[in-house]
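Notes follow once the structure below has been shown.
The values are calculated or read from the model by the stated rules, or taken from the named source; none is laboratory data. Everything numeric in this text was worked out from a predicted model, so none of it was measured. Every residue, glycine among them, receives a Cβ derived from its backbone with ideal geometry; neighbour counts consider all protein chains shown. Ligands, DNA and RNA are excluded from the accessible area calculation, which covers all protein heavy atoms including side chains. Shrake-Rupley method; radii C 1.70, N 1.55, O 1.52, S 1.80 Å.
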Amino acid sequence: MSTHFNFEHFQHMTPLNGDNIWSYILDRHAGSIGVKRRKPALENLERIFGATFRLANDVGFRAMSLRDLCRETGLSMGGLYGYIASKDQLAEMIEDVVCHATREMPPVFSHVAVPLDRLEALIRASIYLSEILQPWFYFVYMDSRVLQAEQRSMAKNSELYVQTLIADVIAEIEPRPAGNPTLLAAHCLALFQDWYVKRWKYRAAKVHVDDFADSVVLAVRSYLGPAAP
């Protein structure tokens with residue numbers, strides 16, 4: 001598989017996308033979701049999570065109540081309880097989606113022998129995945145700080161997983177780039193997190209996700225590549 005794929009190509013290889021994400025949630029939480037008719041369950045899950053992201057952006061997840069969610073979705077409280085028991089469970093489901101998608105991608109590129117090429121593939125995949133799941137990534141980044149300690153830990157561990165993965169690849173590059181691999185990985189992470197945290201900035205400038213990914217890859221390769229000082 002080429003490591004120079006674009007967003008269109010990535011959409012055919014990503015583990016989660018806008019079409020199958022609701023099926024993943026329904027199957028993943030089948031034991032706790034009481035609604036068994038699949039079609040309405042999938043439709044209502046899309047409504048619930050879409051409303052959650054809107055309310056989290058408007059009033060903040062901490063201030064949002066389940067009654068707010070009922071009003072936004074048009075579901076009764078009993079209907080909502082058929083899918084979630086609490087806000088904590090809702091947040092846990094969101095974090096699970098991000099964690100699953102993040103951990104499913106690296107094995108796809110494990111066969112890439114050249115470290116810089118593997119790093120490019122991981123960076124592109126991370127940016128493109130956050131484009132597909134932008135509200136989910138944004139929620140975990142912005143709202144995890146108001147969650148319970150266990151859920152905050154889950155969000156931190158997910159980010160550290162990606163950072164460690166990148167650091168390990170950087171440590172394989174020869175000649176060895178100047179700098180600590182862990183810090184260099186943190187800088188790489190910050191570069192592509194900007195895409196989903198400050199999406200408004202790039203939307204206003206009409207920057208396409210492929211242009212952003214190309215720019216990040218160019219910056220990383222320019223510093224970490226063999227020609228770097």
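State all residues of segment 48-68 that are hydrophobic (A, V, I, L, M, F, W, C) and farther than 21 Å from Tyr141 by Cα; if no residue qualifies, say none.
Residue satisfying the conditions is Leu66 alone.
With Asp58, Asp96 as the choices, which residue is closer than 30 Å to Asp214 by Cα and either out of contact with any strand residue (DSSP E or B) (no Cβ under 8 Å at 6 or more places or on another chain) or among the β-branched types (Val, Ile, Thr) (or both)?
Asp96
Looking at segment 83-99 only, could you name the residues that are in a loop (DSSP other than H, G, I, E, B) and within 15 Å of Arg28 (Cα to Cα)?
Tyr83, Ile84
Restricting to segment 16-37, what's the tally of residues that are outside any loop (DSSP other than H, G, I, E, B), in contact with a Leu (Cβ under 7 Å, 6 or more places away or on another chain) and either in contact (Cβ under 8 Å) with a residue 40 or more places away in the chain or open to solvent by 50 Å² or more (accessible area, probe 1.4 Å) (or both)?
Total satisfying the criteria: 2.
Of the residues Ala178, Ala190, which single one is free of Cβ contacts under 8 Å to residues at least 24 places away in the same chain and among the hydrophobic types (A, V, I, L, M, F, W, C)?
Among Ala178, Ala190, only Ala190 is free of Cβ contacts under 8 Å to residues at least 24 places away in the same chain and among the hydrophobic types (A, V, I, L, M, F, W, C).
Scan Arg203, Arg176 and give me the residue that is assigned to a helix (DSSP H, G or I), of a type in the set (D, E, K, R) and either exposed (fewer than 14 other Cβ atoms within 10 Å of the Cβ) or at pLDDT below 90 (or both).
So the residue among Arg203, Arg176 that is assigned to a helix (DSSP H, G or I), of a type in the set (D, E, K, R) and either exposed (fewer than 14 other Cβ atoms within 10 Å of the Cβ) or at pLDDT below 90 (or both) is Arg203.
Looking at this structure, is Val217 in contact with a Lys or Arg (Cβ under 7 Å, 6 or more places away or on another chain) and among the β-branched types (Val, Ile, Thr)?
Here the answer is yes, as Val217 does meet what is asked.
Restricted to segment 39-81, and to residues that are buried (at least 16 other Cβ atoms within 10 Å of the Cβ) and assigned to a loop (DSSP other than H, G, I, E, B), which residue is modelled with the highest pLDDT?
Only one residue fits best here, namely Leu75.
Among the residues of segment 87-95, are any free of Cβ contacts under 8 Å to residues at least 40 places away in the same chain, within 22 Å of the chain's Cα centre (by Cα) and surrounded by 12 or more Cβ atoms within 10 Å (Cβ to Cβ)?
For segment 87-95, residues free of Cβ contacts under 8 Å to residues at least 40 places away in the same chain, within 22 Å of the chain's Cα centre (by Cα) and surrounded by 12 or more Cβ atoms within 10 Å (Cβ to Cβ): present.
Which one of these is within 22 Å of Tyr138 (Cα to Cα) and surrounded by fewer than 18 Cβ atoms within 10 Å (Cβ to Cβ): Ala186, Ala219?
The unique qualifying residue is Ala186.
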